[in-house]
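Shown next, in C-alpha cells, is the structure this report addresses.
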Amino acid sequence: METGLLRFFSLSRLSIIRESPITLTHFLAATALLIALVICFAIRKSWSHSVYLIDFCCYLPPDSLRAPHAHFIEQLERSHFFDTDGIDFQVKVLERSGIGVEASAPPALHELPPDPSYNKARHETEEVLFTIVKDLLSNNQVNPRSIDILVSNCSLFCPTPSITSMIVNKFGFRSDIKAVSLSGMGCSAGILSISLVKDLLKVHKDSVALVLSMEAATPNGYRGNVKSMLIANVLFRMGGAAILLSNREQDKPRAKYRLQNVVRTHLGSNDQAYQSVFQQPDKAGHVGVSLSRALLHVAANALRTNISELGPRVLPFSEQLLYGWSVIRQKIWPSAGRKGVYVPNFKRAFEHFCIHAGGKAVIDAIQDNLGLSREDGEASRMTLYRFGNTSSSSVWYELCYLEAKGRVKKGDRVWQIAFGSGFKCNSAVWKCISDLGPKVRNAWSDRIHLYPVEIPEVFDH
C-alpha cells in the first residue's frame, strides 16, 4: 500500500511539473483579463460621470436697444447725476474700453432720466431669460417638464420670488425640480454654476440640467462721482446665456461638448483680493461697485493659482517638465533664472480660448501672461466690442463666436477663463464631441461675416 501511495504522489508531482507551464499561461491570461476588466470598469465609471453640453443659447438684443457712444454720452450729460469731472472720466474710459457701437443697454437705461426701479429690473431679467430659454428648449425639442435641475446666477439683482422661480412659473417645470438661484458671485459665476451642476449630476443619475447666466444692468448704475465706481457704468451691458447639460448616455450623440475639467480658485482670504471688486456706498450714499487699482495684479495671482491646479491635468508631460525645471533652476541659481519661470505653452493643451470679456485691459493682460497670440484672444475682443461686458455670460458669447466662424472642430478643446468678485478665477475645459455646422444660427450669425474688425486704441466719437 505504501508503495502504491508513493507511486501515486510521484506521478501526481510529475504531472504538476509537466502542467506548470500551461498553468502559468492560464494565470497570466487570467491576470490580463482581470486588468482589462478593471480598466473597462474604470472607463465605464468615468463615462457614467460624464457631463454633456447638449446646446447653449445667447441673448441677441434687438437693434433698438443699441447704445452708440454718442447716445451713451448724451445720457451722461442729460441725466444730471454727474459733475463735469465724472462725465469726462466716463467718456475717457468709454473711448479706450474696446466696446463698440452695437453693445446694448436695457430699455430703462434709454429713458431720460434712466429708471433703475425694481419693476424695470425684473422686466429686463424676464426679457433676457424668457427669450433664451424658449429658444434653447424649442431648438432642441426639449419638453420643459423633462428638466431635472435648474441653476441661475445673477450677482446684483436678487428678487423674491427668485429668478429660478420665474422660470419654473413661466415654463411650467415639474414640482420636484432641483432649483438653485445664485447671487453675489460676480462675473465668474457662470462657470461656478457649471461646477455646481457637475456635482449635482454625480448624485442625480439620468438627469437634464439647465443653467442660466446673466447680469441685470438696469438697477446697478452708479450715480455718484467716485472714479473707481464709475468704470462699471461704462463696461457692463445687456446679455445672458442658457446652457443645457445632461449626464444621460442617450444624449451623447446629440451633445456638442463633454466637460473635462472645472477648477475654481477663491482668494477671499487675502484682503487686497477681497476688496478689489467691492459693492459699497460712497460718502453721499450712492451705491456702486468699486474696481481697485490692484485688480489686474489680483487677477494675475488668481490665474496663476488656478493654472497651477489645472496645468497638471491638461498639459503634456514635456511642458510640465520644462515648467518644473525652470522653477527649480530659479531657486537654486537665481542669477541663471533671469528669464523668469517658464510659461507653459497652453496651445498644446487647448485649441481655443474664451477669456472673460471684462475689459480690454483684462483681455490684454491674460493674453500676455499666457503667451497667446492676438488670434487666440479674438473671440474675447470681438465679444467685448459687439456686446460689451455681459458678466458671467461673456464666455458663452465667445464660444458662440468661435462656432459661428466654423473654427471649432470635433476633438478640439476649449478653455473658458472667468474672473469675479471675491476674488475668484474659475476655469472650465470642454472637448468638442460633434461635427458642428457653422450654418446653425446663433447670436453671432447675423453679422459674423463682418468680423473680426480692427478695434482702435481710442474711439473717435
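When L156 is tested against (1) open to solvent by 50 Å² or more (accessible area, probe 1.4 Å); (2) closer than 25 Å to Q250 by Cβ, only condition (2) is not met. Here V262 meets each of (1) over 21 Å from S391 (Cα atoms); (2) in contact with a Lys or Arg (Cβ under 8 Å, 6 or more places away or on another chain) with one exception, condition (1). In summary, G358 fulfils each of the numbered conditions (1) outside any loop (DSSP other than H, G, I, E, B); (2) under 26 Å from Y274 (Cα atoms) with the single exception of condition (1).
Condition check for D364 on (1) farther than 30 Å from N225 by Cβ; (2) in a helix (DSSP H, G or I); (3) free of Cβ contacts under 8 Å to residues at least 60 places away in the same chain: one failure, at (1).
Just to be sure I understand, how many residues within the stretch 67-76 are surrounded by fewer than 18 Cβ atoms within 10 Å (Cβ to Cβ) and not in a loop (DSSP other than H, G, I, E, B)?
Going residue by residue through the stretch 67-76, those that are surrounded by fewer than 18 Cβ atoms within 10 Å (Cβ to Cβ) are 68, 70-71, 73-74.
Still in the running and not in a loop (DSSP other than H, G, I, E, B): 70-71, 73-74.
Residues meeting the conditions: 4.
Would you confirm whether any residue within the stretch 231-242 is in contact (Cβ under 8 Å) with a residue 40 or more places away in the chain, touching a strand residue (DSSP E or B) at 6+ places or on another chain (Cβ under 6 Å), of a type outside the set (F, W, Y) and more than 30 Å from G285 (Cα to Cα)? Yes: one or more hits.
Restricted to the stretch 173-215, and to residues there that are part of a loop (DSSP other than H, G, I, E, B) and open to solvent by less than 30 Å² (accessible area, probe 1.4 Å), the residue that is farthest from T125 (Cα to Cα) is S207. A count restricted to the stretch 414-461 and to residues that are part of a loop (DSSP other than H, G, I, E, B), aliphatic (A, V, I, L, M) and surrounded by fewer than 15 Cβ atoms within 10 Å (Cβ to Cβ) stands at 3. Is one or more of the residues making up the stretch 231-244 out of contact with any Phe, Trp or Tyr (no Cβ under 6 Å at 6 or more places or on another chain), open to solvent by less than 10 Å² (accessible area, probe 1.4 Å) and in a strand (DSSP E or B)? Yes, because at least one residue in the stretch 231-244 is out of contact with any Phe, Trp or Tyr (no Cβ under 6 Å at 6 or more places or on another chain), open to solvent by less than 10 Å² (accessible area, probe 1.4 Å) and in a strand (DSSP E or B). Checking each residue of the stretch 374-392 against the condition of being part of a helix (DSSP H, G or I), more than 19 Å from R447 (Cα to Cα) and open to solvent by less than 10 Å² (accessible area, probe 1.4 Å) gives at least one match. Taken over the stretch 77-121, the residue count meeting the criterion of being surrounded by fewer than 18 Cβ atoms within 10 Å (Cβ to Cβ) and at positive phi is 1.
Scanning the stretch 351-361 for residues that are in contact with a strand residue (DSSP E or B) (Cβ under 8 Å, 6 or more places away or on another chain) and more than 16 Å from N306 (Cα to Cα), which turns out surrounded by the most Cβ atoms within 10 Å (Cβ to Cβ)?
First pass over the stretch 351-361, keeping only residues in contact with a strand residue (DSSP E or B) (Cβ under 8 Å, 6 or more places away or on another chain): 351-359.
Among the residues that remain, those that are also more than 16 Å from N306 (Cα to Cα) are: 351-352, 357-359.
Values: E351: 18, H352: 22, A357: 32, G358: 27, G359: 23.
Top of the filtered list is A357.
Would you say P144 is of a type outside the set (D, E, K, R) and within 30 Å of R223 (Cα to Cα)?
Values: of a type outside the set (D, E, K, R): yes; within 30 Å of R223 (Cα to Cα): no.
No: the conditions fail for P144.
Going residue by residue through the stretch 247-260, is there one that turns out to be part of a strand (DSSP E or B), open to solvent by less than 10 Å² (accessible area, probe 1.4 Å) and in contact with a helix residue (DSSP H, G or I) (Cβ under 7 Å, 6 or more places away or on another chain)? No - not one qualifying residue is present in the stretch 247-260.
For S162, the conditions (1) at pLDDT 95 or above; (2) among the hydroxyl-bearing types (S, T, Y); (3) over 23 Å from I54 (Cα atoms); (4) surrounded by 19 or more Cβ atoms within 10 Å (Cβ to Cβ) are fulfilled apart from (4).
The values are calculated or read from the model by the stated rules, or taken from the named source; none is laboratory data. Since the structure is predicted, the reported quantities are computational estimates derived from the model, not experimental observations. We place every Cβ from the backbone using ideal geometry, glycine too, and count neighbours over all the protein chains shown. The area values use the complete protein model at the heavy-atom level, side chains included, leaving out ligands, DNA and RNA. Shrake-Rupley method; radii C 1.70, N 1.55, O 1.52, S 1.80 Å.
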